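Peer 1: First, the structure itself, so that you have it in front of you.
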Amino acid sequence: MTRKKPYIQNNEIHQNEGVHLYITKTLRHGVNLFFYDLIAFLELAIVLVKKTGELHNDCFVHQQLRSDNILFSKRPKEPYQVSFTHPKDHDDNVYQDYLRRKKYVYKKSERPYLAPEQLGKIKHHIDHRTDLYALGVIFYELTTKTTPKIDMNHQAVLDFSLNKNIPCTITLIIEKLLSKYPEDRYQSYMGLLYDVEVSLEELKQTGRVPHFFPGQRDKPSQLVFGDYLYGREKEKRHIQMLLKTIDNDKSCFLLVSGYSGVGKTVLVENTILWSCKRHHFFI
């Protein structure tokens, strides 16, 4: 069975119901069009969320969402996401996946759109919530003309004083998208889509965006297993002690036993992942 290609190449020309689409500029160069027009911003946000959701429904993760990877045309007003170059394999080994992210050198223009788990700042798999973080950066850029600053704790620092016309609800939606940990973000694009659509509908009908807490209709769309370890502090301390022994040029041997499914692999990978030095090898 052939899988439908979930992206659009830069050099492709498309027809939509007989209407020729002229892609004019990247979203980064069109920020001013949406900075002063809240309705235009929400309409664009809805299309972006839907396009991202199409990828997630096909089990793809973009990982490179940013404003210069989105081209849009004036007729019809619909953005196109391009450069889908890094579909994610969700079965990657946690430790090896972490090492690849630590070694990969991102361009300076890419880094503001990358989630903490992409940069190896937190121990977490890359999944669909990584794209939702990038959407949060794009939304912030469209409403403030800048990208978020990151503090020492790898948390996005947001300042909406640059645009006093942004409703509180929209700022809360963006803050949720830019949460440091994936568990604190939207868990599916559907929850985000509902909040944005409600905001747009109310804005058109009443002239204002109502106050509500984002994510009330949000539900996980995929079965995601967390990386947290519970009740293994004693075992973690023991492994960390053995690693210190290796630092003193001594050899040691560790055997981890237990029934299948009790978490032996997760315990070893997660503990060594954050405890070993660069000159250690994990096989």
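The values are calculated or read from the model by the stated rules, or taken from the named source; none is laboratory data. Values in this document were obtained by computation on a predicted structure and should not be read as measured data. A quick note on method: Cβ atoms are made from the backbone with ideal geometry, for glycine too, and the neighbour counts reach across all protein chains shown. Ligands, DNA and RNA are excluded from the accessible area calculation, which covers all protein heavy atoms including side chains. Shrake-Rupley method; radii C 1.70, N 1.55, O 1.52, S 1.80 Å.
Peer 1: Over all alpha-carbon pairs in region 173-222, figure out the percentage whose distance exceeds 17 Å.
Peer 2: Working: 427 of 1225 pairs.
The share of Cα pairs beyond 17 Å in region 173-222 comes to 35 percent.
Peer 1: A further question on this structure: What are the ³J(HN,Hα) values, in whole Hz, obtained from phi via the Karplus relation 6.51 cos²θ - 1.76 cosθ + 1.60 with θ = phi - 60°, for each residue of region 203-215 in sequence order, with x given for Gly and Pro?
Peer 2: 5, 5, 7, 10, x, 8, 8, x, 7, 7, 7, x, x
Peer 1: Another question about this same structure. Once you have the Kirkwood Rh of region 133-231 from its Cα pairs, apply Stokes-Einstein at 20 °C and 1.002 mPa s and quote D in µm²/s. Numbers along the way, then the final one.
Peer 2: Details: Rh = 14.6 Å.
For these conditions, the coefficient is 146 µm²/s.
Peer 1: Give me the accessible area of Tyr106, 1.4 Å probe, in Å² rounded to the nearest 10.
Peer 2: 30
Peer 1: Just the accessible area for Thr265, please: 1.4 Å probe, Å², rounded to the nearest 10?
Peer 2: 90
Peer 1: Largest first, how would Leu27, Leu203, Leu254 line up by accessible area (1.4 Å probe)?
Peer 2: Values: Leu27 0, Leu203 25, Leu254 75 Å².
So the residues, ranked largest to smallest area, are Leu254, Leu203, Leu27.
Peer 1: Further, regarding this structure: Return the long-range amide H neighbours of Ile150 (sequence gap of 5 or more, or a different chain), with a cut-off of under 5 Å between placed amide H atoms.
Peer 2: Residues meeting the amide H criterion: Val157.
Peer 1: What whole-number distance in Å separates the alpha-carbon centres of region 124-171 and region 245-261?
Peer 2: 42
Peer 1: Heavy atoms only, 1.4 Å probe, whole protein assembly: order Ile246, Ile126 by accessible area, highest first.
Peer 2: Putting Ile246, Ile126 in descending order of accessible area: Ile246, Ile126.
Peer 1: Let me ask something else. Roll a 1.4 angstrom probe over the protein heavy atoms and tell me the percent of accessible area of region 112-223 that is carbon or sulfur. Provide the component values of the computation, followed by the final result.
Peer 2: Details: 2620 of 5020 Å².
Carbon plus sulfur share of accessible area: 52 percent.
Peer 1: Kindly write out, for region 140-150 in residue order, the coupling ³J(HN,Hα) from the Karplus curve 6.51 cos²θ - 1.76 cosθ + 1.60 (θ = phi - 60°), rounded to whole Hz, with x marking Gly and Pro.
Peer 2: These are the phi-based 3J(HN,Hα) values: 5, 5, 5, 9, 10, 6, 8, 9, x, 8, 10 Hz.
Peer 1: Separate question: Which of the chymotrypsin sites (Phe, Trp or Tyr not before Pro) found in region 118-224 are loop residues per DSSP with 16 or fewer other Cβ atoms within 10 Å of their Cβ? If you can, show how the numbers build up before the last one.
Peer 2: Details: sites: Tyr133, Phe139, Tyr140, Phe160, Tyr186, Tyr189, Tyr194, Phe212; in loops: Tyr186, Phe212.
In loop regions of region 118-224 (DSSP not H, G, I, E or B), the sparsely surrounded chymotrypsin sites (Phe, Trp or Tyr not before Pro) are Phe212.
Peer 1: Would you kindly derive the ³J(HN,Hα) couplings of region 239-253 from the backbone phi angles with the Karplus curve 6.51 cos²θ - 1.76 cosθ + 1.60 (θ = phi - 60°), listing them in order in whole Hz, with x for Gly and Pro?
Peer 2: After applying 6.51 cos²θ - 1.76 cosθ + 1.60, I find 5, 5, 5, 5, 5, 5, 5, 5, 4, 8, 6, 10, 9, 8, 10 Hz.
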